[in-house]
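The block underneath contains the structure these notes are about, expressed in structure tokens.
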2 protein chains.
Amino acid sequence: MKKLNVEEAMKIFYQKCEERGLKITPQRVFIYQELLQATDHPSIDEIYQRVKDSLPNISFDTVYRTAFSLTEMKLVDIVEGHSGSRRFDANTGPHHHFRCLKCHKIIDFDSDYYDKVIIPEELQRKFNIVAKKIMLEGFCEECSQIE
Amino acid sequence: MKKLNVEEAMKIFYQKCEERGLKITPQRVFIYQELLQATDHPSIDEIYQRVKDSLPNISFDTVYRTAFSLTEMKLVDIVEGHSGSRRFDANTGPHHHFRCLKCHKIIDFDSDYYDKVIIPEELQRKFNIVAKKIMLEGFCEECSQIE
DNA sequence: TTACTATATAATAATTATTACTATTTGTCA
DNA sequence: TGACAAATAGTAATAATTATTATATAGTAA
Ligand SMILES: [Mn+2]
Ligand SMILES: [Mn+2]
Ligand SMILES: [Zn+2]
Ligand SMILES: [Zn+2]
């Protein structure tokens, strides 16, 4: 893993906040720093619990709003739980998905090329892998037009 | 998309139910059939709403339990919302994820090979794609041992 | 067919996660 | 140093997930 440079990341954070007229508050700084040092992809509540060590009065709502503004600033990614609720698929055959980040549609597509993408040897050894999933994200035809 | 053969799928469904000693109830049949014909990766609640047309007295709980038993039978996949809560990642650099289906840890890994996986031309044209995400699923080192 | 029994169900409650609201506080800048 | 837009804490509301329990039913064997 390319070691995440916290100094550099914070510099970009300050820049982006300024660009967007977002105030530099201790809450915002601590939340982003906590996320920068986390390697376990925490939930809002986990971030909240951790930041409370430094800022005992911080509210859940602040962590919630901040996580989302960081996402909008493209400083953090969501790796799970985009759309709120769990979604099911009875098509267990080989196919792949595109997710619209606006309307949360998940659209199937075929790709021989993606079907053939392999699972690296060293990961096979390390984990007991049962599935490989490729997801493209962006804006669907309708949502692209509106924007 | 390889056209999903409902006949064939139902045959396998009956087989698997029998194997596991699961009773063939109208609820189970309707729920699976509804999922088989859906192409939009519905949530539990969406499945519930749709199945109500055929079985007005069905309960949400039944849909919930059935969706999970179908998942365990590997007749349906979860395509979103594995772990319940939303998870964040401040590492926006190129890297990939492994998800443990048991303990829900999401573990980073590097792969030059996966970094180089491209986005098919025709999808680029169709959608406004901003990200490509590869997720491997299975059981982590600890969870593999216990099993 | 009928009676039995383990499993599944409906109805509902409990829990957990997400999002919204508002009075007060604070960072920014003139 | 004010003025004031933006952010925050505290809390409420909503939505999603999971658990509970009394009743009903599918499957089986007499
Ligand atoms: Mn699909
Ligand atoms: Mn990551
Ligand atoms: Zn869309
Ligand atoms: Zn695990």
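The values are calculated or read from the model by the stated rules, or taken from the named source; none is laboratory data. The model shown is predicted, which means the values in this text are computed figures rather than measured ones. Quick reminder, even Gly has a Cβ in these numbers, built from the backbone with ideal geometry, and neighbours come from all protein chains shown.
Remarks
- Residue in region B:76-84 that is more than 7 Å from chain A (Cβ to nearest Cβ) and either over 12 Å from the mean Cα position of the chain (by Cα) or crowded, with 18+ Cβ neighbours inside 10 Å (or both) present: yes
- Conditions (1) more than 7 Å from chain B (Cβ to nearest Cβ); (2) farther than 30 Å from B:Cys143 by Cβ; (3) within 20 Å of the chain's Cα centre (by Cα); (4) not aliphatic (A, V, I, L, M); number of the one not met by A:His96: (2)
- Considering B:Glu142, B:Glu137, the condition of being away from DNA strand D (no atom under 16 Å from the Cβ) and more than 8 Å from chain A (Cβ to nearest Cβ) is satisfied by B:Glu142 alone.
- Checklist (1) closer than 20 Å to B:Asp110 by Cα; (2) surrounded by 16 or more Cβ atoms within 10 Å (Cβ to Cβ); (3) outside the structural domain of A:Leu36 (by TED's automatic domain parsing); (4) touching a Leu at 6+ places or on another chain (Cβ under 9 Å) applied to A:Met135, failing item: (4)
- Set A:Lys52, A:Lys23, A:Lys74, A:Lys105: member being of a type outside the set (A, V, I, L, M, F, W, C) and in contact with a Cys (Cβ under 7 Å, 6 or more places away or on another chain): A:Lys105
- Candidate set: region B:89-106, residues that are in a strand (DSSP E or B) and more than 15 Å from DNA strand C (Cβ to nearest atom); chosen: the one surrounded by the most Cβ atoms within 10 Å (Cβ to Cβ): B:Arg99
- Test for A:Asp115: is it at the interface with chain B (Cβ under 7 Å from one of its Cβ atoms), out of contact with any strand residue (DSSP E or B) (no Cβ under 6 Å at 6 or more places or on another chain), more than 10 Å from ligand 1 (Cβ to nearest atom) and of a type in the set (D, E, K, R): no
- Checked against (1) at pLDDT 95 or above; (2) under 22 Å from the mean Cα position of the chain (by Cα); (3) within 16 Å of ligand 2 (Cβ to nearest atom), B:Phe68 meets all criteria but (3).
- Subset of region A:107-131 [buried (at least 17 other Cβ atoms within 10 Å of the Cβ), out of contact with any helix residue (DSSP H, G or I) (no Cβ under 7 Å at 6 or more places or on another chain) and part of a strand (DSSP E or B)]: A:Ile107
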